[in-house]
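The values are calculated or read from the model by the stated rules, or taken from the named source; none is laboratory data. The structure displayed is predicted, hence computed values, not measured ones. For neighbour counting, all protein chains shown are included, and Cβ atoms are generated from backbone atoms with ideal geometry for every residue, glycine included.
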Amino acid sequence: MNARKFIAASSRDALKLVRVELGADAVILSNRKVAEGVEIVAVAGSELAHLSETRTTGNSAKPPLRSAGISAQGANQAAALGAKVLEANAGRETVAVRKSGDTTAEQQTLLSEIKTMRNMMQEQMARLSWSDMQKNDPARGGLLRDMLNVGFSPMLSRQLLEKLPAKGGLDWLRRTLGHNLRVSTLQEDVVARGGVYALVGPTGVGKTTTTAKLAARAVVRYGADKVALVTTDSYRIGAHEQLKIYGKILGVSVHAVRDTEDLKLTLSGLKRKHLVLIDTMGVGQRDSRVAEQAQMFDAVGVQRLLLLNATSAGSTLDDVVKMYGGTSVIGCIPTKLDEAVTLGTVLDVVVRHKLTMHYVASGQRVPEDLYEVNLEYLLHRVFKDVGKTNPALAMQDAELPAFMAGMGSAQSMRGQYAI
């Protein structure tokens, strides 16, 4: 493909050169500022169409086009978009000279049109590429569909499948995912190591119940006199009373604090305890009190465990990690595993944000429903119901190319997974 470079003092002049040299159906490939003014790289629309025809007739002289995934339809669409941008610019050239502020707005509009055109071209190419993958490697396409249907994100699914060996399959996926899921070691276990930890997370994630479950484990191992419970939740009605009930059952002391100074004094009196667990208020992750709570714990040097609701959507969990995350968050505890249809979504978030899983919680019973992380079981459960997804909600083979084409490039995710 013979792309040509045009340099002029302004975008308008550069586009005029493009139109004169390559015609009104020219396709803009890039546009950037340079020392001389503006540089535009473009190609004639007819050349794209010619190259596409070469592909369809089996001419092996130009094989690179096949990997790019350009069809005659894609080339025609790209040419039409290029013509639209040039036509719009030509119309603007007939208008009288404007003020400098208006010229800036015009340039921004032009850049927006060019970016839109490029995005549409890339999406079309990606769609054709995924269509080819389904036809040429149906097994890989089936694995992609399965990963999406059990809750994994398109980005992680795509990168895994790019690394899939020739004879790889579901077992390879399980092993690779297990390699990227970090589990706390015995030395990192909060119950064994001891210290002061706050359990944080949004409303309804199970903080109070999980606090009691961890406390019960510590009581069995070290005795009730070595464990204490603290609550900062003065907002929910009955929150303190619920923790007091657990404390009475376990035989451990329960303390309520209101602010940073109160927390400092309370922890000072509990410094001889092996384990102090802090139950926190339940508010949405975007509530301003989340930041206030983090500042209070940072001021006292309290480390946190983030609880992740396994029934939540991936975008919600991403937001939770973003709002609650920080250097003092030492790991996470996925909760409500008994309520989740699949665990792919929460495990995807754990991998992507490089969180360490300390325990998993499944159910309301104290202390029974808290478990050490068993990766083999979790990954078995993720894929055991593949193919049983409700047809009305499942991703179908015919929908994959369009869906994956709209998800952007996997390049932005490189280096995030040790695959």
Just to be sure I understand, how many residues within the range 8-39 are out of contact with any Ser or Thr (no Cβ under 6 Å at 6 or more places or on another chain), surrounded by 15 or more Cβ atoms within 10 Å (Cβ to Cβ) and in a strand (DSSP E or B)? 6
Take the conditions in the same structural domain as Gln364 (by TED's automatic domain parsing) and under 16 Å from Val200 (Cβ atoms) and apply them to Asp279. Does it pass? yes
Just to be sure before I move on: is Leu161 outside the structural domain of Asp287 (by TED's automatic domain parsing) and touching a residue at least 60 places away in the same chain (Cβ under 8 Å) in the structure I sent? no
Could you tell me whether Ser288 is assigned by TED's automatic domain parsing to the domain that holds Val191 and either at pLDDT 90 or above or within 30 Å of Leu170 (Cβ to Cβ) (or both)? no
Return the residues of the range 332-347 that are assigned to a strand (DSSP E or B) and polar (S, T, N, Q); say none if nothing qualifies. Thr335
I need the full set of residues from the range 302-334 which are without any contact (Cβ under 8 Å) to a residue 24 or more places away in the chain and either among the aromatic types (Phe, Trp, Tyr) or over 18 Å from Val205 (Cα atoms) (or both), in order please. Thr327
Report yes if Leu308 is at pLDDT 95 or above, under 17 Å from the mean Cα position of the chain (by Cα) and either under 30 Å from Ala224 (Cα atoms) or among the β-branched types (Val, Ile, Thr) (or both), otherwise no. yes
Based on this model, can you work out whether Val190 counts as surrounded by fewer than 14 Cβ atoms within 10 Å (Cβ to Cβ), closer than 24 Å to Asn374 by Cα and in the same structural domain as Cys332 (by TED's automatic domain parsing)? no
Met133 vs (1) modelled with pLDDT of 85 or more; (2) crowded, with 18+ Cβ neighbours inside 10 Å: all pass except (1)
Going through the range 328-344 in order, the residues found to be surrounded by fewer than 17 Cβ atoms within 10 Å (Cβ to Cβ) and either touching an Asp or Glu at 6+ places or on another chain (Cβ under 9 Å) or aliphatic (A, V, I, L, M) (or both) are Ser328, Asp338, Val341
